[in-house]
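Notes to accompany the following structure.
A short reminder: the numbers here are calculations on the coordinates, not readings from a lab. Just so it is clear, the model here is predicted, and its values are computed rather than measured. Because the Cβ atoms are built from the backbone with ideal geometry, glycine has one as well, and the counts that use them run over all protein chains shown.
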Amino acid sequence: MHISFILAKTYLLSFKQRAFISFINVLSFIGLIIGIASIICVTSIFNGFRELVRDMLLTIDPHIRVTLNDGELEYVATSLHERYNDIATISKSSSSKIVIGFQDKTQAGVLLTKDSEISYRSTSNHVSIGIGLADKLGVKKGDTIRVSTPDMLDIAISGFMIPKSYTMIIDSIFQISSGVQYDNAYILCNYAYHREQGIIGKQYIDIRLHSIDDSELALNRLRSEPMLTNMKIESWKDLHQELYSTMEFERNMSFIILGIITCVSAFNILIAMWMTVKSKGKDIATLLSMGARTKDIQLTFILQGLIIGIGGTISGAALGILLCMGQQQYGWIELPNSIVQAMPVSLQWEVVVISTMLGVIVSGIAGIYPARLAVQSTISSELRHE
């Protein structure tokens, strides 16, 4: 066994001779466990909520949306479906600004139409309305609302006529967590009925892929497609860029803040080894006088930091993984009065790898300064009072 490893293990396990220094080492070890486990758990919780919001918004949003120019709907839809194997479904949709009336109340909103992906009746004037908009209008399931477009109102005002409107029956009320835009302003209607009534708005091709993980690759391919050059192409992230950017920022900041705990633990390792160097100066001088190489002495303290770091990091990673898997399996932390029964957790292994590497690296770095300090003193000055 290498002398550097023997010395590192001896210094770490000498509890009786260096109780205070050993206590600092224990604190460093515990700090690393808490820091690494916290990084994994908190990041997994952020990922869980992010995926929950994404899945809810994707009940309405496509994976990729192409905003079309006039007269290109059928041609583009057919061409894309024939040329791309990773596309699962292609549907037509559109959105129009509308004015909604019910009794004496009026609200502005958006009429969003899709082929048949949303759960509402597809062959009549039955619609689904967001819960926030329903609350503003004071409507409930089965009520009949009046819908007019801005063009209809302009014609009526310019001709001094009663505004033309269409009647629609509320078939259901929907709510999307974090989808406040949809809840407060949107009415969902069948695309065919929308076209029959002549309510023409922005036209889209909504694309759903076999796997959402292929969104970025498919997005880049579509943006390089010659027939889509002048069209706006957006991924599911682009449709709610501010929301997803905020969630991504919060997750990254939590990772950085919790990473500071790991750095503090590494600083404790540095202090403990610095104190070890000072207390073991004569031992180090004796070893050097007996022919020990300076690099062996330096390696001793680097190994001491790595032993603490690797042990604490692996223990913290194991604890974090067990807590996340336990929450996924058993739902220990419940969320009463919520759309989900338990706190959502999504464990990503790249986060585990990055956290583990962080713990090991900062622990190794913490041993560099004490290692250099250990061989700076001269042998004669350390042994003079021996």
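Ordered by the number of other Cβ atoms lying within 10 Å of each residue's own Cβ, fewest first, 27, 270 fall into the sequence 27, 270.
Each of 54, 372 was scored by other Cβ atoms within 10 Å of its Cβ. Arranged with the fewest first, they read 372, 54. Under 26 Å of direct C-alpha separation, and excluding same-chain neighbours fewer than eight residues apart, residue 105 reaches these lysines: 97, 136, 140, 141, 164. For residue 174, nonlocal amide neighbours, meaning residues 5 or more places apart or on other chains whose placed amide H falls under 5 Å from its own, are 129, 130, 131. Listed by chain and number, the lysines whose alpha-carbon sits under 25 Å from that of residue 282, ignoring those within fewer than 8 places in the same chain, are 9, 16, 295.
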